[in-house]
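The values are calculated or read from the model by the stated rules, or taken from the named source; none is laboratory data. As the structure is a prediction and not an experimental result, all values here were calculated from the model. Cβ coordinates were reconstructed from backbone atoms using ideal geometry, including for glycine residues, and neighbour counts include every protein chain displayed. Side chains are part of the model used for accessible areas, which takes the heavy atoms of the whole protein and leaves out ligands, DNA and RNA. Shrake-Rupley method; radii C 1.70, N 1.55, O 1.52, S 1.80 Å.
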Amino acid sequence: MTISDRVRVKNVHVLSDRHYRLNEVEFDYRRGDGEWQAQKREVFDRGHAATLLPYNLASRTVVLTRQFRLPAYLAGHDDLMIEAAAGMLDNETPEKRIRAEAEEEIGYRLGDVRKVFEAFMSPGSVTEKLHFFVAEYEAAMRVGNGGGLAEEGEDIEVLELPADSALAMISDGRIADAKTIMLLQYAALNIFGK
């Protein structure tokens with residue numbers, strides 16, 4: 001039996017369809033004991049995205065961004081967010097999208113980008129699947145200042161940090177973004193820890 005055999009969607013009601021879509025979904029779910037249970041959930045559909053951690057093995061540095069995030073602020077985070085570069089796929093392949101985001105947000109035209117995993121970031125309420133990439137960078141790959149696109153409301157500061165300092169920023173709370181934590185921990189185990 002697959003999950004498709006255990007779910008019967010009965011109704012999808014659009015609650016909001018502005019920048020992203022918020023649906024209320026009514027469905028029946030066959031529980032582990034075989035009984036069917038009617039359920040209702042709100043599901044935020046924002047599409048899929050890609051994120052990237054550029055690293056320099058020789059200098060043991062990484063490139064991150066710092067920017068304002070309204071939802072984090074409203075949840076009590078009274079600081080700018082330090083994050084890995086990322087962006088919505090917008091009908092592009094994850095690799096093509098992350099290359100464009102790297103140029104827009106951090107100003108680097110990267111060579112080889114390597115996908116390391118993908119994950120659902122909040123599967124209880126959000127449909128988004130994030131594609132995680134790493135890429136080596138060097139100073140010669142810098143083709144611009146980065147900073148994002150002002151017409152999209154982006155005002156991004158580019159940070160080049162020692163990898164050990166970035167990892168310490170997880171422990172002291174300065175880095176509180178899940179995708180960034182995941183990429184830094186991946187790098188600690190699989191890139192810098194080798």
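Data table
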item	result
The lone exception for Asp90 - which of (1) assigned to a loop (DSSP other than H, G, I, E, B); (2) more than 24 Å from Glu160 (Cα to Cα); (3) modelled with pLDDT of 95 or more it fails	(3)
Inter-residue pairs, beta-carbon under 6 Å, first under 30 Å from Glu24 (Cα atoms) and in the range 43-64, second hydroxyl-bearing (Ser, Thr, Tyr) and open to solvent by 60 Å² or more (accessible area, probe 1.4 Å), 6+ apart	Arg46/Tyr20
Condition met for Ala84 (touching a Lys or Arg at 6+ places or on another chain (Cβ under 7 Å), under 24 Å from Leu130 (Cα atoms) and open to solvent by less than 80 Å² (accessible area, probe 1.4 Å))	yes
Residue among Ala178, Ala163, Ala119, Ala140 that alone is small (Gly, Ala, Ser) and within 20 Å of Glu92 (Cβ to Cβ)	Ala119
Every pair of residues 6+ apart whose Cβ atoms lie under 6 Å, when the first sits in the range 29-42 and is at pLDDT 95 or above while the second is aliphatic (A, V, I, L, M) and open to solvent by less than 100 Å² (accessible area, probe 1.4 Å)	Tyr29/Val7; Arg41/Val25
Any hit, the range 100-113, residues being of a type in the set (Lys, Arg), out of contact with any helix residue (DSSP H, G or I) (no Cβ under 6 Å at 6 or more places or on another chain) and modelled with pLDDT of 95 or more	no
Wholly enclosed strands (runs of 3 or more DSSP E) of the range 104-194 bearing at least 2 residues open to solvent by less than 50 Å² (accessible area, probe 1.4 Å) and closer than 17 Å to Ala58 by Cα	129-136
Identity of the residue in the range 16-47, outside any strand (DSSP E or B) and either open to solvent by less than 60 Å² (accessible area, probe 1.4 Å) or touching a strand residue (DSSP E or B) at 6+ places or on another chain (Cβ under 8 Å) (or both), that ends up nearest to Val126 (Cα to Cα)	Arg46
Whichever residue in the range 57-79 is surrounded by 17 or more Cβ atoms within 10 Å (Cβ to Cβ) and over 16 Å from the mean Cα position of the chain (by Cα) and, among such residues, is nearest to Ala150 (Cα to Cα)	Val62
